[in-house]
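The values are calculated or read from the model by the stated rules, or taken from the named source; none is laboratory data. Because the structure is predicted, anything quoted here is derived from the model rather than measured. Cβ atoms come from the backbone with ideal geometry, glycine included; neighbour counts cover every protein chain shown. These area figures cover heavy atoms from the full protein model, side chains too; ligands, DNA and RNA do not enter into them. Shrake-Rupley method; radii C 1.70, N 1.55, O 1.52, S 1.80 Å.
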Amino acid sequence: MPITRQASPARPRFRLMGPMEIYDGVQWQGIGSAKQRALLAVLLLKANQAVSLEQLIAELWDDHPPTSASNLVAGYAWRLRRALDDRDGEFLTTRSPGYRLVVAAESIDIGECKRLIRQAHADLAAGLPEAAVEGFDAALALWRGVPLADVRPTPLVTAEVARLEETRIATVEARIGAELELGRHGMLLPELKVLVNQHPLRERLHAQLMTALYRDGQQAVALGVYRDLRRLLVDELGIEPNVSLRNLEQRILRNDPLLRLYRDGAHPPARTTTSSPLANRFPTDPVALYGRRSQLDRLVSGVRSGRLGLVQGLAGAGKTALAVRAAHELSTQYLGGPVFVPMGGGTPDGPVEAARVVSVLAKALGLSPPISDHPASDWSTLLTGRRILVVLDDVATAAQLRVLGPVPVDCALIIISRSGLTTLDGAFGVYVGSLDTEDALDVLRYHLGAERVDAEPEAARTLVQRCDALPLALRIAAARLQTRQSWSLTAFVSRLADPACRLDALVCESMTMRESLAAAVRVLARYGDGVARRVLRLLSRLNQDAVSVSRLAELSGQSMAAAEIAAEHLVDAGLAEALPNGHYWIPELVRAYVREMDPLCSVTSPLPCKASVPPTSARPSD
């Protein structure tokens, strides 16, 4: 019996992590035409962005397109709409200067994979390695072979395949790390030995193999793995193993008992019901935290005085790192240990519910999650009688906190939020923005070595400026340069010269500036302030970093009061910084991300600059 079509077509789903497939509501099926596959691949890799006709032609035919290429692309698009049951152009839209495919991120297997990996990392940070292993395994199960295996290898496709392969092996490493926390070193040894042979230069895999061997009682073999890797790195690349691996070798040489997660012959402890606070896995203390001494001292002092700590600031400014450092400094006062709970304010799925928060807290304390319809009561019960410091990361609104209620008198709370939580009683807030230039240079010196940074002082300062002196961007840039010892700072800075390509360069394994900015934009969208979103789009076209309220009002056609409210919402979302002189600073990375999300911003002539505030470092002077 034929399947009748509905008046409104169902949202299609797509697989790219293997041969390309479309789910038509009944089954997965391939696409017969190579050109249609190539067209769909480009549109999916740039989902929800307008892709110009020129780029589509270049992807489909390289340097020698036929004279009728424009008409051919139109024909492929028409047939693709038929394959998607989208005759009205609801999904595949004609959008100047070309076409745009409107799809939800989770309808593409790549987007679903990102979501699963992000959640698994959050579970791991919350002290839930078993849940993290399940999440990493679910993400890895989405791979069905070589990504985009049946699509011609254009530069765009080749770059995406390489990125996905790096994501896959990094996810394998993360899953193995979680399993090592669970004491599964013995069962991991065969897999690790195969992976090390397949990826002989992956230092993290070698570290995991060394750890597993050591915990399995094979100390000499673990040291042999290090010697083999060092010989390979010195012979092939002329470099020594990284600091982490060298430290691990020394710990194994000393027979460090702390490196053994469990006693010899013991089984991993069950994670069901235990009163031990050691079940919690709190984030490690940041090894380098530059330019934050004043904020750290005030935050620690405020929490010690019994007030609620609040950390807010720009996207990528290191809010979580500051709160984690403060928690470590306060840990001796809270013998029940610090507990880290992700609140999901900037995630695609939105803020987590109170019951989920209570469940994470219970598991972090080594307790079974309570079964109750009263999360506030459960929250209080779990904390009462303990001295615990709770860090709530990425809180969306004050309402998330009010549902839980206050913490008992012997406990403390530090809140990390992009939003302006101005209605919290008794809160003591600190703000983090971009770093001063010298502090930013110290971040680079820490990760790259003073000799390498000081050898190219002008390039180093330009790198700071192009990273907007934001700690996350600087850390990613340093990580890229750490893995490319042959690159000069000048060469890497040239890769950041074009703002349109800057976010593509600021990616290293699981660290990405783009995701941090995406979370901030999601927070702004949840405010429901259309004026603020319009102001953000306008500012992305503006050839200046700082702007006054009067200029915002002029650009947006709003009153001064409405323009100021919109600007303050940008600050609350972590997309702008309020300067003492009444201006607002918009980092170039924010503007680049907005232009990327709304291509019309990048093809429209830039708005003229009026009264730009001259910069002294990465941001304008106050």
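Using a 10 Å cut-off on Cβ atoms, rank the peptides 574-583, 205-214 from the highest mean neighbour count down.
Values: 574-583: 19.9, 205-214: 23.9.
With the highest mean Cβ count within 10 Å placed first, the list reads 205-214, 574-583.
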* Asked: What's the FRET efficiency of SER510 with VAL146 using the Cβ-Cβ distance as r and R₀ = 22 Å, to the nearest 0.05?
  -> 0.50
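Can you pull out the trypsin sites (Lys or Arg not before Pro) in the stretch 45-134 that DSSP calls coil and that have at most 14 other Cβ atoms within 10 Å? Please list the in-between numbers first.
Values: sites: LYS46, ARG79, ARG81, ARG82, ARG87, ARG95, ARG100, LYS114, ARG115, ARG118; in loops: LYS46, ARG87.
Listed in order of number, the matching sites are ARG87.
How much of the accessible area of the stretch 437-509, probe 1.4 Å, is carbon plus sulfur, in whole percent? If you can, show how the numbers build up before the last one.
Values: 1490 of 3170 Å².
Carbon-and-sulfur percentage of accessible area, whole number: 47.
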* Asked: Using the beta-carbon distance between ALA138 and VAL403 and R0 = 35 Å, what value does 1/(1 + (r/R0)^6) give for FRET efficiency, to the nearest 0.05?
  -> 0.75
* Asked: What ranking do 175-186, 345-356 get when scored by the average of other Cβ atoms within 10 Å per residue, highest first?
  -> 175-186, 345-356
* Asked: Among the DSSP beta bridges whose two residues both lie in the chain, what percent are antiparallel, rounded to the nearest 5?
  -> 45
* So for the stretch 183-261, taking the charge dipole from beta-carbon charges (+1 Lys/Arg, -1 Asp/Glu), which of MET187, PRO257, ASN247 sits furthest toward the positive end? -> PRO257
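Which value, in nm² and rounded to one decimal, describes the direction-averaged projected area of the C-alpha convex hull of the chain?
Working: hull surface 128.5 nm².
With the hull built on Cα positions only, its mean projection is 32.1 nm².
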* To do: Pop out the ³J(HN,Hα) list for the stretch 63-79 in order, Karplus 6.51 cos²θ - 1.76 cosθ + 1.60 with θ = phi - 60°, rounded to Hz; leave Gly and Pro as x.
  => 8, 10, x, x, 5, 8, 4, 4, 5, 5, 4, 4, x, 4, 5, 4, 5
* Net length gained if the chain between ALA170 and THR384 were fully extended (0.36 nm per residue, minus Cα distance) -> 73.1 nm
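Nearest 20 debye, what's the magnitude of the dipole of the chain about its Cα centre given +1 on Lys and Arg Cβ and -1 on Asp and Glu Cβ? Each step should come with its number before you reach the end.
Working: 70 positive and 69 negative charges, 82 e Å.
Charge dipole of the chain: 400 debye, to the nearest 20.
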* **Amide proton proximity set for ASP150, modelled H, under 5 Å, gap of 5+** => MET20
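Heavy atoms only, probe 1.4 Å: what % of the accessible area of the stretch 184-241 goes to carbon and sulfur, would you let me know? Provide the component values of the computation, followed by the final result.
Details: 1530 of 2960 Å².
Of the solvent-accessible surface of the stretch 184-241, carbon and sulfur hold 52 percent.
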* Linear extension gain, TYR23 paired with ARG251, 0.36 nm per residue minus alpha-carbon span -> 76.9 nm
* **Nitroxide proxy distance, nm - points 7 Å out along Cα→Cβ at GLU203 and SER70** => 5.3
* Any idea how far apart GLN49 and SER550 come out in nm if each label point goes 7 Å out from Cα toward Cβ? -> 3.8
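Efficiency by 1/(1 + (r/R0)^6): what FRET value for LEU237 and ARG304, r their Cβ-Cβ distance, R0 = 60 Å, to the nearest 0.05? It would help to have the intermediate numbers written out before the result.
Details: r = 48 Å, r/R0 = 0.80.
Plugging the Cβ-Cβ distance into 1/(1 + (r/R0)^6) gives 0.80.
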* Each label point is 7 Å from the Cα along the Cα-to-Cβ direction; what then is the distance between the points at HIS328 and SER486, in nm? -> 3.5
